[in-house]
Amino acid sequence: MSGGAGDPPGAALAAALRPLLARRWLLVGIGNELRGDDGFGPALAALVRAAGGPALDAGTAPENLTGPIRRARPEVLLLADAADLGAAPGTVRLLPPAALAEGGTGTHDPGLGMLVQFLQAELGCEVVVLAVQPATVAFGAERSAAVRAAERRLAALLAGRG
């Protein structure tokens, strides 16, 4: 599912998220805020928390949050991360965790796939990835306008306003 070629997330993504958000969910933002659009996950987590939603900022070490994730007991775990989708910057897709487990699209090491497998086994929850196509992940770069627009639209969807 996509937000379109560079467009913020739209109706298709909202429709795909709706049944997931009807259950007890938790967003975990993953990424490095010092590397441009790789800061998508932490930025989205901050927006969701500011709107009163359940979100954690995992930074570049999501394995350090297994305790808080387990205490939250989510039925749905949404992992927000930048990923090379081969699409226009700001494009958002909802991906199955297998995309990570196969060493797939994330900007982080393959250990994220192992973490997903651990959390699924430990919690029995559904795990999905909210992935955004970055424009740049260069050290010291700012997040692109396209990714910031995607963050705002996703935060509104997650807060039930989109």
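The values are calculated or read from the model by the stated rules, or taken from the named source; none is laboratory data. These figures come from a predicted structure and were not determined experimentally. Note that we place each Cβ from the backbone using ideal geometry, even for glycine, and neighbour counts take in every protein chain shown.
Odds and ends about this structure:
- Test: residue in the stretch 147-160 that is closer than 20 Å to P62 by Cβ and either outside any helix (DSSP H, G or I) or among the polar types (S, T, N, Q) (or both): no
- Residue within the stretch 80-96 that is among the basic types (K, R), under 12 Å from the mean Cα position of the chain (by Cα) and under 19 Å from A150 (Cα atoms) present: yes
- Residue ID - modelled with the highest pLDDT, chosen from residues in the stretch 95-118 that are within 17 Å of L20 (Cβ to Cβ) and surrounded by fewer than 18 Cβ atoms within 10 Å (Cβ to Cβ): P96
- Sole exception among (1) surrounded by fewer than 15 Cβ atoms within 10 Å (Cβ to Cβ); (2) at pLDDT below 95 for R153, by number: (1)
- Residues of the stretch 17-50 that turn out to be among the small types (G, A, S) and under 21 Å from R71 (Cα atoms), as a count: 6
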